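The values are calculated or read from the model by the stated rules, or taken from the named source; none is laboratory data. Only a predicted model underlies this, so the values are computations on that prediction, with no experimental measurement involved. As a convention, Cβ positions derive from the backbone with ideal geometry for all residues, glycine included, and neighbour counts pool all protein chains shown. The area values use the complete protein model at the heavy-atom level, side chains included, leaving out ligands, DNA and RNA. Shrake-Rupley method; radii C 1.70, N 1.55, O 1.52, S 1.80 Å.
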Amino acid sequence: MFSTVLVANRGEIARRVMRTCRRLGIRTVAVFSDADQDAPHVAEADTAVHIGAAPATDSYLDVDAIIDAAIRSGADAIHPGYGFLSENPALAEACDAKGIVFVGPPAEAVRLMGDKAAAKRHLEAAGVPVVPGVHGEVLDDEALRAATTEIGLPVLIKAVAGGGGKGMRAVRDAAELDAAVTAARREAQGAFGDDRLIVERLVDDPRHVEVQVLGDTHGTVVHVFERECSVQRRHQKVLEETPSPAVDPDLRQRMGQAAVTAAEAVGYVGAGTVEFLLAPDASFYFLEMNTRLQVEHPVTELVTGLDLVELQLRVAAGEPLPFAQDELEQRGHAIEARVYAEDAAAGFLPQTGDVLIARWPDGPDIRVDAGVETGGAVTRFYDPMLAKLVVHADSREAAVARLLSQLRSTTVLGVTTNLEFLADAVAHPAFGRGELTTSFIDDHLADWSPAPTPVAMLAAAARCAMQERTQATDPWETVGPWRASGLGGWHVWLRDRGERHELHVVGGLQRFDVTIDDDRHEVRVLHDVVAADGGRDLDLVVDGESAHLAVVTRRQQVWLHGLGLTRRLEVEPLTRHADPGRAAAGAAFTAPMPGAVAAVEIDAGDHVPAGATMMVVEAMKMEHPIKAPVAGTVTAIHVAVGDPVDGTTVLLEFEPDPEEET
């Protein structure tokens, strides 16, 4: 076994790999960028090496920097995790050249499976079913149009390189083809440095089911059952589970054998995943092979009792797999939810900010792989996934109930997350019935919005503001949103997303009456305790009903979690920026979040129709189009392609047509 392993990654996967290494007595080396010098994975490693600036291209994607760090730290193996360089054959080849073991498959397998077109041709010849399409070496725009005509709509335009839904566009109307190709090429080039595309038939209403495989250097390849990964947004997985509700023993055997055939066909070694589209008629087609550990690997570990990272390390060290196919079995059901810093109500827009409070659940049959903790930060440079919350139970019904309970109790304050959306997805009757397809979110949660903010949260926010004001020692701190009103009364104005509430408070900090938008409520505070993480734990009784809330305040913002919900309430007055989704005469469009300008589709003076894409901002590995809300004229452009932007950067100015003004 290795003495020292360098983990060429960050966040939760780096911590997860280090956890197994510690159990095996292996020394660990972390690498970190300028943005990650205080990250948890750095603190948990035995030693850490700085590898460059915050952008991934200058650090985590720099093969030379990774190899240099391994040599300097005395590492005899490199574990790539997933993402970044995990599927880049250049890292595997560089390891071989320097006598360092790459914990993964041979570079030849990585290169072949990383090219979707070549992979489909190779596996089709091996007898693995593939989606009908045109998988030529090079398809220029004209060839793509011809292939689309040959295959027939609908089709899926896909990047040859990479994964994770990047460079992928569904086309159902011929008029959408050119725009889809342009966007897919641009996104693929930005994500993978390779803008080659293929086209294949779009399978309607499919499930996304993948099979875990393991291979050793002694010629053994086994599958470790399937995972259901159909619940996705923007082609990226949100909820994953095993066993799949749609897979019976016969289908499991057939899909597992197809996955083993695929792995054997490329001489696969280590842990990998063969992904399939499963059609409603139970036919299935090879989608791609991920030549690395998957984000969702914990569900497999929970139902089999295996440690896939340990098996990766042992196989890389030359050991044979310690079991045969017929010795593997599944026990119970496991489900994983990916917790992201994103605004699900705003098209899953990635969010940035400081993590003021992070309270992850713990207990039997609950596993959390977290990349951030209290006091951490979410920056624009990396994927916005914060953690994976995984549960295990004897049955799927019990696992669903357990996951729902944990999602509603998890507290993350300081940055907007998808926790409430995840809970609503898991609570949806269709999810409970296991009726899952890749369009699950579009079919059932397309118009999702947060529930109304409970009175208890508004009252608690008002109390926090009142408490801060009464404790202020600087006279300037007493001048703010509060003003005296009658005998002991105060007014405060709170903004909850787009809704403004006026609150009138009469009484003290322990017992008071609050009138919210003309409705009066009685509030009694039972407990107010400062927690070890700096937050406050409040127990309130509002109109006779109790509520437990975790609260933290910062810069005229009150963050609260309780009753299964998380809210950020802004105490007016606040500085607010222009809303890029709202048209008004001479409106300025600001960037939706920190990132960089990926495309400028218009010129100053252009007249554009409603819905036209004017610019594209790339942030956190996703593209965000800036569209015209109504027909109008672009009066000024303030940025160019490649310019960095943040949430205050004015991108362009827009004048709606007179008849469109409201």
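Condition first: at pLDDT 95 or above and within 17 Å of the chain's Cα centre (by Cα). Can you find one or more residues in the range 392-404 that meet it? No, that holds for no residue.
Can you tell me which residues in the range 33-50 are open to solvent by 90 Å² or more (accessible area, probe 1.4 Å) and either β-branched (Val, Ile, Thr) or in contact with a Lys or Arg (Cβ under 6 Å, 6 or more places away or on another chain) (or both)? Passing the criteria: only ASP46. The set of residues from the range 181-201 being of a type in the set (A, V, I, L, M) and either open to solvent by 30 Å² or more (accessible area, probe 1.4 Å) or touching a helix residue (DSSP H, G or I) at 6+ places or on another chain (Cβ under 8 Å) (or both) comprises VAL181, ALA191, LEU197, ILE198, VAL199. Scanning the range 396-437 for residues that are within 15 Å of GLU228 (Cβ to Cβ) and either out of contact with any helix residue (DSSP H, G or I) (no Cβ under 8 Å at 6 or more places or on another chain) or hydrophobic (A, V, I, L, M, F, W, C) (or both) yields ARG396, ALA399, VAL400, LEU403, ALA425, VAL426, ALA430, PHE431, ARG433, GLU435, LEU436.
Checking each residue in the range 39-61 for being touching a Phe, Trp or Tyr at 6+ places or on another chain (Cβ under 8 Å) and in a helix (DSSP H, G or I) picks out HIS41, VAL42, ALA56.
Scanning the range 506-541 for residues that are more than 38 Å from the chain's Cα centre (by Cα), assigned to a strand (DSSP E or B) and surrounded by fewer than 16 Cβ atoms within 10 Å (Cβ to Cβ) gives VAL506, ARG511, ASP513, THR515, ASP519, ARG520, GLU522, ARG524.
Taken over the range 411-461, residues that are more than 20 Å from the chain's Cα centre (by Cα), open to solvent by less than 40 Å² (accessible area, probe 1.4 Å) and not β-branched (Val, Ile, Thr) amount to 9. Take the residues in the range 238-297 that are assigned to a helix (DSSP H, G or I) and among the acidic types (Asp, Glu), then tell me which one is nearest to LEU404 (Cα to Cα). If we take residues in the range 238-297 being assigned to a helix (DSSP H, G or I) and among the acidic types (Asp, Glu), then ASP250 is nearest to LEU404 (Cα to Cα). In the condition set (1) over 27 Å from the mean Cα position of the chain (by Cα); (2) at pLDDT 85 or above; (3) surrounded by fewer than 16 Cβ atoms within 10 Å (Cβ to Cβ), PRO658 is compliant with all but (2).
Number of residues in the range 428-440 that are out of contact with any strand residue (DSSP E or B) (no Cβ under 6 Å at 6 or more places or on another chain) and either assigned to a helix (DSSP H, G or I) or aromatic (Phe, Trp, Tyr) (or both): the value is 4.
Test ASP178 against the criterion of being open to solvent by 10 Å² or more (accessible area, probe 1.4 Å) and either touching a His at 6+ places or on another chain (Cβ under 9 Å) or at positive phi (or both), and give yes or no. Here the answer is no, as ASP178 does not meet what is asked. Selection of first residues in the range 2-26 that are on the phi > 0 side of the Ramachandran plot and at pLDDT 95 or above and of second residues that are part of a loop (DSSP other than H, G, I, E, B) and of a type in the set (Gly, Ala, Ser), restricted to Cβ pairs under 7 Å at least 6 apart or on distinct chains, gives the following pairs, ordered by first then second residue: GLY11/GLY371. Set side by side, the residues ALA118, ALA92 differ, and just one is open to solvent by less than 30 Å² (accessible area, probe 1.4 Å), outside any loop (DSSP other than H, G, I, E, B) and within 16 Å of ASP195 (Cα to Cα), which is ALA118.
Filtering the range 585-592 for residues that are open to solvent by less than 50 Å² (accessible area, probe 1.4 Å), out of contact with any helix residue (DSSP H, G or I) (no Cβ under 6 Å at 6 or more places or on another chain), modelled with pLDDT under 90 and hydroxyl-bearing (Ser, Thr, Tyr) leaves a non-empty set. Which residues, counting only those in the range 542-569, are farther than 19 Å from ALA358 by Cβ, open to solvent by less than 80 Å² (accessible area, probe 1.4 Å) and assigned to a strand (DSSP E or B)? Of everything in the range 542-569, those that are farther than 19 Å from ALA358 by Cβ, open to solvent by less than 80 Å² (accessible area, probe 1.4 Å) and assigned to a strand (DSSP E or B) turn out to be VAL542, ALA547, LEU569. Applying a threshold of 8 Å to beta carbon distances and a minimum spacing of six or more residues, or different chains, the list of pairs starting in the range 437-464 at a residue that is touching a residue at least 40 places away in the same chain (Cβ under 8 Å) and ending at one that is buried (at least 23 other Cβ atoms within 10 Å of the Cβ) and polar (S, T, N, Q) reads THR437/SER230; THR438/SER230; PHE440/SER230.
Close contacts from the range 250-277, counting a first residue that is within 22 Å of VAL309 (Cβ to Cβ) and at pLDDT 95 or above and a second that is surrounded by fewer than 24 Cβ atoms within 10 Å (Cβ to Cβ) and of a type in the set (Ser, Thr, Tyr), with Cβ to Cβ under 8 Å and a gap of 6+ residues or different chains, come to VAL269/THR217. For the range 441-450, the count of residues that are in a helix (DSSP H, G or I) and among the polar types (S, T, N, Q) is zero. Within the range 11-36, being in contact with a strand residue (DSSP E or B) (Cβ under 7 Å, 6 or more places away or on another chain) and in a loop (DSSP other than H, G, I, E, B) holds for one residue alone: ILE26. Taking the residues in the range 333-349 that are open to solvent by less than 10 Å² (accessible area, probe 1.4 Å) and of a type in the set (A, V, I, L, M) as candidates, determine which candidate is nearest to GLN232 (Cα to Cα). Checked the range 333-349; the qualifying residue nearest to GLN232 (Cα to Cα) is ALA337. Being out of contact with any strand residue (DSSP E or B) (no Cβ under 8 Å at 6 or more places or on another chain), at pLDDT below 95, closer than 30 Å to ILE13 by Cα and among the small types (Gly, Ala, Ser) narrows it down to one of GLY167, GLY162, GLY99, so name that one. Matching residue, one of GLY167, GLY162, GLY99: GLY162. Consider the range 611-641 and keep the residues that are at pLDDT 85 or above, over 23 Å from ARG234 (Cα atoms) and in a loop (DSSP other than H, G, I, E, B). The one that is nearest to the chain's Cα centre (by Cα) is VAL641. Of all residues in the range 315-365, those that are over 18 Å from HIS297 (Cβ atoms), among the charged types (D, E, K, R) and more than 16 Å from the chain's Cα centre (by Cα) total 6.
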